[in-house]
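Below: one structure, written as structure tokens.
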Amino acid sequence: MTASLAELQALERRYAIGTYARNPVQFVRGAGARLWDEHGDEYLDFLAGISVLNVGHCHPRVVAAVQEQAALLTHVTNLYYTEPAMRLSQALSESSLGGKVFLCNSGAEANEAAIKLARRARPEGDIVVLADAFHGRTYGALSATPQPTKQTPFAPLVPGFVVCDKQPEAIDAAVGEHTAAVLLEPIQGESGVLIVSDEVVRAARAACDRTGAALIFDEVQTGMGRTGSLWAYEQTGVVPDALTAAKGLGGGLPIGALVTGPRLADVLQPGDHGSTFAGGPVACRAALVALELCSDPELLESVGSLGERLAGSLAELPFVAAVRGRGLIVAFDVRDGGAGELRDAPELARRALVEQHLVVNATGPRTIRLEPPLIVSAQQIDDAVARLGRLV
Ligand SMILES: *Cc1c(COP(=O)(O)O)cnc(C)c1O
């Protein structure tokens, strides 16, 4: 494959449905925290495919597992047994809530499964979601994503979703006998790395305990070691009844999962839900490796200290305000009146990419998000911050 960027842009204009505002760069290779374009120019990747390459690009053990499995068996459907799917279900359960697992292919699908599970447990029940939430783009997940720009063009949405402010009293008032689930992200990554306070998380747990609703954590972005523990819930002091995972789960391959605790393990019954590709052996082999790598206590500890290093040195840049995050999910706002032309976050991200060969992402008009692979080095963190500093 040797197409120029201009050729790809021409193909996109003619043949690709225009749902993405792509940056003017073509990547052809990756290793660890580094990417290369078609000219062989190197980039430092501080987005990791939106928290997908937590183990780094093309981790040799992921590559080996995928290559081996691709040559053995790629697909048979869930009408039959394959070992990788059962081993991955076991590993996910034992690494978290101890119940059972439904495998799927993406974050949105994992949340769809979670919503169906909650409704099956409490028929006709409402799903309570938080302001600023992002749970995906399919209709159920979109209906759980209270953002007018994403929802309004696609009305009518699925009924039965209740939006709640991120206040303990608001959660208490919204959750009742009619509530099937409270679905929340411990850290709202897509909305700009907004940390949901422990107080709110505890209020959600208490409200669910009081009413029998299911507390479901969307850990699609926060899971797989991103915050410095394998799952973000471990640092909240609250254990949910179920969690959803995707993004980093497959070490770069598409896969998602709903993981329950014991109470909800047997709610869904044969015929209730399914997916042709779900639990495919290639993706599951990759996920088994990624899950093992991301569970390494030494790696998880380094995520905490690297995250502090990143947040600390970002805060010293003249145009940076409101640095926040946990572990290696970090964001900042571009400071008001700070650096003239740098005030626009999408423009800052574009210049970082093109001028400094640093991959970062704007989650909104003022906010830059950084999510490097968890295997990033301290030196690469210093290098990334220095590259940002050279933009002024
Ligand atoms: C990315 C994301 C999703 C959607 O995942 P897809 O794989 O894009 O469908 C859902 N929830 C959260 C918290 C996410 O970050």
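The values are calculated or read from the model by the stated rules, or taken from the named source; none is laboratory data. In this text, all values refer to a predicted model and were calculated from it rather than measured experimentally. FYI the Cβ positions are ideal-geometry reconstructions off the backbone, even for glycines, and counts take in every protein chain you see.
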Every residue from the range 268-284 that is outside any helix (DSSP H, G or I) and β-branched (V, I, T): T276
Residues (over 20 Å from R309 (Cα atoms) and in a helix (DSSP H, G or I)) located in the range 353-378: L353, V354, E355, Q356
Selection status of V303, in a loop (DSSP other than H, G, I, E, B) and either touching a Gly at 6+ places or on another chain (Cβ under 7 Å) or away from the ligand (no atom under 13 Å from the Cβ) (or both): no
Answer residue from the range 231-267, given it is away from the ligand (no atom under 16 Å from the Cβ) and assigned to a loop (DSSP other than H, G, I, E, B) and is modelled with the lowest pLDDT among those: G237
Unique residue being in contact with a helix residue (DSSP H, G or I) (Cβ under 7 Å, 6 or more places away or on another chain), modelled with pLDDT of 95 or more and surrounded by fewer than 21 Cβ atoms within 10 Å (Cβ to Cβ) when the list is A378, A386, A315, A322: A378
Considering residues of the range 175-196 that are over 17 Å from G223 (Cα atoms) and either without any contact (Cβ under 8 Å) to a residue 40 or more places away in the chain or within 13 Å of the ligand (Cβ to nearest atom) (or both) only, the residue surrounded by the most Cβ atoms within 10 Å (Cβ to Cβ): G176
Hey, S313 closer than 16 Å to M224 by Cβ and either part of a strand (DSSP E or B) or over 19 Å from the mean Cα position of the chain (by Cα) (or both) or not: no
Flag if R309 is away from the ligand (no atom under 15 Å from the Cβ) and closer than 29 Å to A114 by Cα: no
Helices (runs of 4 or more DSSP H) enclosed by the range 32-142 - at least 3 residues per element that are of a type outside the set (G, A, S) and within 16 Å of the ligand (Cβ to nearest atom): 107-121
Qualifying residue in the range 144-158 (condition: crowded, with 21+ Cβ neighbours inside 10 Å, more than 13 Å from the ligand (Cβ to nearest atom) and among the aromatic types (F, W, Y)): no
Filter pass, E234 being closer than 28 Å to L370 by Cβ and touching a residue at least 24 places away in the same chain (Cβ under 8 Å): no
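Residue-by-condition table, conditions (1) touching a strand residue (DSSP E or B) at 6+ places or on another chain (Cβ under 9 Å); (2) among the β-branched types (V, I, T):
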| site | (1), (2) |
| --- | --- |
| L258 | yes, no |
| L264 | yes, no |
| P270 | no, no |
| S275 | yes, no |
| G279 | yes, no |
| V282 | no, yes |
| A287 | yes, no |
Failed item in (1) assigned to a loop (DSSP other than H, G, I, E, B); (2) within 24 Å of L288 (Cβ to Cβ); (3) not aromatic (F, W, Y), with P156 passing the rest: (2)
Test: residue in the range 165-173 that is farther than 30 Å from F277 by Cα, in contact with a Gly (Cβ under 7 Å, 6 or more places away or on another chain) and either without any contact (Cβ under 8 Å) to a residue 12 or more places away in the chain or within 16 Å of the ligand (Cβ to nearest atom) (or both): no
Meets criteria (in contact (Cβ under 8 Å) with a residue 60 or more places away in the chain and under 17 Å from K116 (Cα atoms)) for T227: no
Residue list for the range 201-229, restricted to those being more than 13 Å from the ligand (Cβ to nearest atom), within 20 Å of R324 (Cα to Cα) and in contact with a helix residue (DSSP H, G or I) (Cβ under 6 Å, 6 or more places away or on another chain): G225, G228, S229
Failed item, numbered, when A311 is tested on (1) free of Cβ contacts under 8 Å to residues at least 24 places away in the same chain; (2) touching a strand residue (DSSP E or B) at 6+ places or on another chain (Cβ under 7 Å); (3) not assigned by TED's automatic domain parsing to the domain that holds A384: (3)
